[in-house]
Amino acid sequence: MRLLVLGVNGFIGNALAERVLNETDWEIYGLDIRADKLGECLGHERFHYVEGDISINREWIEYHVKKCDVVMPLVAIATPMTYVREPLRVFELDFEENLKVVRLCVKYGKRLLFPSTSEVYGMCPDIEFKEDESHLVLGPINKQRWIYSASKQLLDRVIWAYGFQHGLKFTLFRPFNWIGPKLDEVTTDPEKEGSSRVVTQFISSLFLAEPIRLVDGGLQKRCFTYIDDGIACLMKIVENKDEKLNGQIFNIGNPRNEATVKELATKLKTMFTNDPRTGHFTKHSEIIEVFSKDFYGEGYQDIDRRVPSIARAKEMIGWEPKVDLDTALKKTLDYYLATSLPQTLPVI
Ligand code: UGA
């Protein structure tokens with residue numbers, strides 16, 4: 001099998017590439033603007049990497065859609081701060097550029113695996129979100145946070161319609177707060193404050209001995225899913241035994257790993273302060289509360305609770321997540337402690 005992965009250096013792309021090369025005989029053709037997370041994949045005989053941009057390298061993309069069996073357009077902006085600050089960039093990349101790839105899959109009759117998102121459910125009040133039943137509930141237009149959710153939702157609908165009217169073979173998958181090594185860059189640049197997702201944001205703050213900020217009290221909850229669990233499910237979706245996963249949508253998340261943002265902060269801080277590698281830290285982050293309008297801006301609105309139903313993935317794929325929250329956080333923190341921990345306490 002030949003797999004085309006656009007955004008192969010991203011959090012999902014690089015972990016998938018590594019697993020594919022280790023466990024299968026599939027070929028990967030990968031495009032990305034950077035290669036810093038690709039490690040040993042680079043140089044592997046079944047890994048064909050090209051540095052490039054989805055909005056520029058159109059001919060390369062068309063040629064490789066034609067050449068490959070399965071297409072995964074993983075390029076997207078996925079950080080809430082950017083939804084609020086640069087909504088148009090989110091629309092242009094996450095919707096417009098990806099739509100072109102969808103259309104190429106239709107043109108050449110290729111199977112499309114598209115990363116939808118847990119965010120499409122928005123503020124849905126259901127106890128568990130179900131792929132074909134839950135309502136997708138978004139806030140008003142002046143809350144720009146929803147541009148990501150709306151862009152992904154519309155693309156889900158367009159893909160679905162291409163399946164319905166033109167026979168496009170596709171599977172949509174919805175990651176629920178996947179975490180793990182190489183999630184986002186842990187940065188010591190205060191300019192990039194808020195530019196990563198919550199777990200990496202908190203790790204950055206711990207590394208800087210800066211306050212961990214709980215937005216609006218931190219009582220909102222998420223279900224955190226360890227990357228290895230998510231990739232295990234994705235591998236089965238790529239494999240698509242007996243072609244029975246075509247035309248389906250799958251939540252990929254861990255409903256047992258639900259925690260408030262406040263609990264997350266406390267857990268990470270405890271793990272960090274108790275780790276022998278942080279012995280040189282004479283000062284540690286405090287946990288403080290901030291208003292969302294100050295942290296993100298007026299265009300932000302939050303999701304209080306977001307729990308996936310994974311009944312469909314269990315039944316059709318035979319998949320269940322295995323890694324509990326504490327282990328997932330520990331493995332994630334371990335990776336950043338090993339690769340990015342400042343050796344002197346930062347002076348600010
Ligand atoms: C994320 C992103 O939209 C996408 O990465 C993705 O599609 C999706 O969810 C997912 O991974 O399932 P969200 O969970 O809201 O959305 O994003 P985070 O930045 O990880 O924030 C989680 C929660 O922590 C939010 O309530 C946010 O307000 C809070 N937070 C974040 C803080 O309290 N402090 C911070 O410093 C950062």
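At a glance:
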{"item": "Set E263, E320: member being open to solvent by 50 Å² or more (accessible area, probe 1.4 Å) and closer than 18 Å to K221 by Cα", "result": "E263"}
{"item": "Unmet criterion (only one of (1) out of contact with any Pro (no Cβ under 7 Å at 6 or more places or on another chain); (2) within 24 Å of Y108 (Cα to Cα); (3) of a type outside the set (D, E, K, R)) for L74", "result": "(1)"}
{"item": "Complete set of residues in region 2-25 that are of a type outside the set (D, E, K, R) and more than 20 Å from P115 (Cα to Cα)", "result": "L21, N22, T24"}
{"item": "Meets criteria (part of a loop (DSSP other than H, G, I, E, B) and under 19 Å from the mean Cα position of the chain (by Cα)) for N246", "result": "no"}
{"item": "Qualifying residue in region 328-338 (condition: surrounded by 17 or more Cβ atoms within 10 Å (Cβ to Cβ), under 30 Å from C124 (Cα atoms) and not hydrophobic (A, V, I, L, M, F, W, C))", "result": "yes"}
{"item": "All positions within region 12-33 that are hydrophobic (A, V, I, L, M, F, W, C) and either in a loop (DSSP other than H, G, I, E, B) or open to solvent by less than 20 Å² (accessible area, probe 1.4 Å) (or both)", "result": "L16, A17, V20, L21, W26, I28, L31, I33"}
{"item": "Residue list for region 242-260, restricted to those being under 19 Å from V198 (Cβ atoms) and buried (at least 22 other Cβ atoms within 10 Å of the Cβ)", "result": "I252, G253, N254, N257"}
{"item": "Single residue of region 199-236 satisfying the filter (of a type in the set (D, E) and touching a Ser or Thr at 6+ places or on another chain (Cβ under 9 Å)) that is nearest to the ligand (Cβ to nearest atom)", "result": "D216"}
{"item": "Only listed residue being of a type in the set (A, V, I, L, M, F, W, C), touching a residue at least 24 places away in the same chain (Cβ under 8 Å) and under 30 Å from F114 (Cβ atoms), chosen from L325, L345", "result": "L325"}
{"item": "Filter result for S196 (within 9 Å of the ligand (Cβ to nearest atom), within 21 Å of the chain's Cα centre (by Cα) and part of a loop (DSSP other than H, G, I, E, B))", "result": "yes"}
{"item": "Residues (part of a loop (DSSP other than H, G, I, E, B), small (G, A, S) and within 14 Å of the ligand (Cβ to nearest atom)) located in region 275-310", "result": "S285, G297, G299"}
{"item": "Region 274-294, residues that are open to solvent by 50 Å² or more (accessible area, probe 1.4 Å) and under 17 Å from V199 (Cβ atoms)", "result": "I287"}
{"item": "Check on T327, modelled with pLDDT of 95 or more, in a helix (DSSP H, G or I) and within 13 Å of the ligand (Cβ to nearest atom)", "result": "no"}
{"item": "Condition met for E239 (under 21 Å from the mean Cα position of the chain (by Cα), more than 15 Å from the ligand (Cβ to nearest atom) and open to solvent by 10 Å² or more (accessible area, probe 1.4 Å))", "result": "yes"}
{"item": "Tally, over region 34-52, of residues that are in a loop (DSSP other than H, G, I, E, B) and loosely packed, with under 15 Cβ neighbours inside 10 Å", "result": "5"}
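Yes/no matrix, rows are residues, columns are (1) over 16 Å from the mean Cα position of the chain (by Cα); (2) at pLDDT below 95; (3) over 21 Å from G13 (Cα atoms); (4) not charged (D, E, K, R):
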position	(1), (2), (3), (4)
P73	no, no, no, yes
V102	yes, no, no, yes
K110	yes, no, no, no
S118	no, no, no, yes
C124	yes, no, yes, yes
D132	yes, no, yes, no
S149	no, no, no, yes
V158	yes, no, yes, yes
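The values are calculated or read from the model by the stated rules, or taken from the named source; none is laboratory data. This structure is a prediction, so every number in the text was calculated from the model and none was measured. Virtual Cβ from ideal backbone geometry, glycine too; neighbours counted across all protein chains shown. We work out accessible area using only protein heavy atoms, side chains counted, and drop any ligands, DNA or RNA first. Shrake-Rupley method; radii C 1.70, N 1.55, O 1.52, S 1.80 Å.
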